[in-house]
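K.L.:
So that we are looking at the same thing, I have put the structure below in structure tokens.
The values are calculated or read from the model by the stated rules, or taken from the named source; none is laboratory data. Quick caveat: nothing in here was measured; it's all calculated off a predicted structure. Reconstructed Cβ throughout: ideal geometry from the backbone, glycine too, with neighbour counts over all protein chains shown.
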Amino acid sequence: MKEKRRKLKIKRKENKGITLIALVITIIVLLILAGVSIAMLTGENGILNQAQNASTETEKASVIEQAKTDIIDRQIENQNGSITKADLKEILGKYFDLDSNTEIPDDLTGFELKTKEEYGGQTIEISDIYNGTFAEEKEYINTETSYVGYYADIDDDGTVDGIIYADLAVGGSGNWNDDDYWSHYSYEAKKTGLKEYYVKEESYSSPDFNNIEGKVIAPIKGTTGEDRFYVMALKDFNPGTYYCWYDAAYGNLKKPVEASYNDFGAGKENTKTMIGIWNDSEWGAQNDNETHDDMWGAVQTAVGDIDDPTWFVPSKAEWAAFGDVATKTLGLTTSNHSKYGLKNFYWASSQGTADYAYYALFSYGNIYYIDVNSGSSVRLSATF
């Protein structure tokens, strides 16, 4: 009986030893597995890091795509597919921490910015968003300032075409040298529906206009709207050549372009009307004067589309506006007008009676009238 008990104790000791060894081995295995699992989760290439990296890359890609879309939209708005540094900075400011001192470099390679916290606070190289060229920054004009006296590039082709003498966004009225009837003009202000413009050149002087210094205004290509400015050409039409208004019309005029007290804005339509009448020989023979050709036959080569002239013979009031502006703001006088490339007198497109039409007299500084078979200089005007 004693022997049996002794053997049972030995067996229990052996089982306890085996159980302890198995437990130790199990723990070691579990520790190894735990280490492997932790490494897989938290290591450099662990699941958590890979998930975090994937999230970061997703956030970066989202910002890049959103910013690219904004850039394309802005290029479409700019009409010509261009974008300026100011445009890009404005767009980047939606997604990145920028301040007023942040400058956009010409070459964006290596230029990095940090996104705002709501976009993950990620560092992105801006060349991944845009790496093209930049358009010239434009100084846009407003509708509160008068740009009378500025030069004009009416079609933004790099050629200065004339000088602005009326700004419809501001309005204007007056009398050239205080002549209170023939030389009166007025036009109301219009703030909406106008084309958009920018300052094309900061400084320009024309040798044809007394070397007056001034900025050059041009329309923004692709924008729509009504013309805002009236501009007078810097040179005469065929300088040194005198023309009759319409020689054969003397005594026959039926007043289709008769001037009112204020006929500002009528020059373009007057020109269209009179070219049509002259071409139909409605009032008699064409170029019937032995000394001077008729103006309406000659200017057809310069007005552009006859049905919608770009250039036209100014009306009485349009000439008055130009004379008033040139006198009050540009230093023109009755004695120095030749320094501005101006002759003594110029035809207007406005008629008075069956015998005469109006003209601008720079030697007297006012508007008057003269027989339509007399000779006078011609200078054209335009709107843009």
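Each row is one residue, and each column tells you yes or no for (1) without any contact (Cβ under 8 Å) to a residue 24 or more places away in the chain; (2) in a helix (DSSP H, G or I); (3) not β-branched (V, I, T).
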{"site": "K254", "(1), (2), (3)": "no, no, yes"}
{"site": "G284", "(1), (2), (3)": "no, no, yes"}
{"site": "G297", "(1), (2), (3)": "yes, yes, yes"}
{"site": "E318", "(1), (2), (3)": "no, yes, yes"}
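K.L.:
Can you say whether G240 is under 16 Å from S376 (Cβ atoms), small (G, A, S) and buried (at least 16 other Cβ atoms within 10 Å of the Cβ), as far as the supplied structure shows? So that I can check it myself, show each step before the final result.
P.N.:
Details: under 16 Å from S376 (Cβ atoms): yes; small (G, A, S): yes; buried (at least 16 other Cβ atoms within 10 Å of the Cβ): no.
So G240 fails the test.
K.L.:
Which one is surrounded by the fewest Cβ atoms within 10 Å (Cβ to Cβ), of the residues in the range 250-276 that are of a type in the set (A, V, I, L, M) and either modelled with pLDDT of 95 or more or in contact with a Cys (Cβ under 6 Å, 6 or more places away or on another chain) (or both)? If you could, list the steps in order and put the result at the bottom.
P.N.:
Start the filter on the range 250-276 by keeping residues that are of a type in the set (A, V, I, L, M), which leaves 253, 257, 259, 266, 274-275.
Subset that is either modelled with pLDDT of 95 or more or in contact with a Cys (Cβ under 6 Å, 6 or more places away or on another chain) (or both): 266, 274-275.
Values: A266: 23, M274: 26, I275: 21.
Ranking the candidates gives I275 first.
K.L.:
With respect to I104, determine if the residue is surrounded by 15 or more Cβ atoms within 10 Å (Cβ to Cβ), under 28 Å from V216 (Cα atoms), modelled with pLDDT of 95 or more and of a type in the set (A, V, I, L, M, F, W, C). Step through it out loud before you land on a result.
P.N.:
Working: surrounded by 15 or more Cβ atoms within 10 Å (Cβ to Cβ): yes; under 28 Å from V216 (Cα atoms): yes; modelled with pLDDT of 95 or more: no; of a type in the set (A, V, I, L, M, F, W, C): yes.
Taking the combined requirement at face value, the residue does not satisfy it.
K.L.:
Going residue by residue through the range 158-174, is there one that turns out to be among the aromatic types (F, W, Y) and modelled with pLDDT under 95?
P.N.:
Restricting attention to the range 158-174, the residues satisfying the condition of being among the aromatic types (F, W, Y) are 165.
Imposing the further condition that a residue be modelled with pLDDT under 95 reduces the set to none.
Among the residues of the range 158-174, not one is among the aromatic types (F, W, Y) and modelled with pLDDT under 95, which makes the answer no.
Residues are listed down the side, and each one gets a yes or a no for (1) touching a residue at least 40 places away in the same chain (Cβ under 8 Å); (2) outside the structural domain of H292 (by TED's automatic domain parsing); (3) within 23 Å of D263 (Cα to Cα):
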| residue | (1), (2), (3) |
| --- | --- |
| D180 | no, no, yes |
| S183 | yes, no, yes |
| Y187 | yes, no, yes |
| K191 | yes, no, yes |
| N210 | yes, no, no |
| A218 | yes, no, no |
| G222 | yes, no, no |
| F229 | yes, no, yes |
| A233 | yes, no, yes |
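K.L.:
Failed condition for N366, given (1) touching a residue at least 40 places away in the same chain (Cβ under 8 Å); (2) out of contact with any Phe, Trp or Tyr (no Cβ under 6 Å at 6 or more places or on another chain); (3) buried (at least 20 other Cβ atoms within 10 Å of the Cβ), with all others met?
P.N.:
(2)
K.L.:
Give me a count of the residues in the range 333-357 that are touching a Gly at 6+ places or on another chain (Cβ under 6 Å) and buried (at least 20 other Cβ atoms within 10 Å of the Cβ).
P.N.:
Matching residues across the range 333-357 total 1.
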